[in-house]
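S.K.: This is the structure I have questions about; it appears just below.
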């Protein structure tokens, strides 16, 4: 998943490095990204809620693989782009002061942090798999689906108001 995230993140870092961060700060671009991302989050949340009745208590594999899952979760988060054009761009500006080694170090440490977080979550879920029965999965799917729908609505509302 971290590799899929990186596939989206690395070109964005290059775009910001070469000065295109201002494009992502345009109101029209923010509105389009926020609305499209919000709609995608609502769609994903709704599909998650609809899948609750199909839970069988077993484990699930990814139909497209973990790299695709990382890619999809990254591009469906509109605030990923907002973070990179604000906080990420500011951090990169500081890293640029140290030349290419500074940018490389920043990107490497940032991506290793993403990889570490994904690995920790994966490890915790794997080690607690004995707790993941049908009821727990249903509660978690319902909670996550509701949160996705809520975030999607909030993203759309925040860019349109």
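S.K.: What is the angle, in °, between the Cα long axis of helix 99-127 and the longest principal axis of the Cα atoms in the chain? Nearest 10 is fine, range 0 to 90.
M.R.: 10 degrees
S.K.: Need the full-extension length gain, residue 68 to residue 130, defined as separation in residues times 0.36 nm minus the C-alpha distance. One decimal, nm.
M.R.: 19.7 nm
S.K.: On to the next question. For residue 7 and residue 91, what does the FRET efficiency come to when R0 = 22 Å and r is the distance between their Cβ atoms, rounded to the nearest 0.05?
M.R.: Approximately 0.60, to the nearest 0.05.
S.K.: With P(r) over Cα pairs in 10 Å bins from 0, in percent as the read-out, I listed [x] 12, 42, 33, 12, 1; [y] 10, 41, 39, 9, 0; [z] 10, 31, 34, 19, 6, 0; which label goes with the value calculated from this structure?
M.R.: [z]
S.K.: Given points 7 Å out from each Cα along the Cα-Cβ axis, report the residue 79 to residue 117 separation in nanometres with one decimal.
M.R.: Between residue 79 and residue 117, the simple spin-label model gives 1.1 nm.
S.K.: For segment 2-160, what's the relative contact order in percent, using C-alpha pairs closer than 8 Å and at least 6 residues apart? Write out the running numbers ahead of the final one.
M.R.: On the way: 138 pairs, mean separation 78.9, N = 159.
RCO, segment 2-160: 50 percent.
S.K.: Cβ neighbours within 10 Å, averaged per peptide: list 90-103, 117-130, 40-53 in order, most packed at the top.
M.R.: Descending packing order for the listed peptides: 40-53, 90-103, 117-130.
Read-outs: derived from the displayed coordinates by stated rules, not from any lab. Computed from a prediction, not measured in an experiment: that's the story for all the values here. Every residue, glycine as well, gets a Cβ built from its backbone with ideal geometry; the counts of neighbours run over all protein chains shown.
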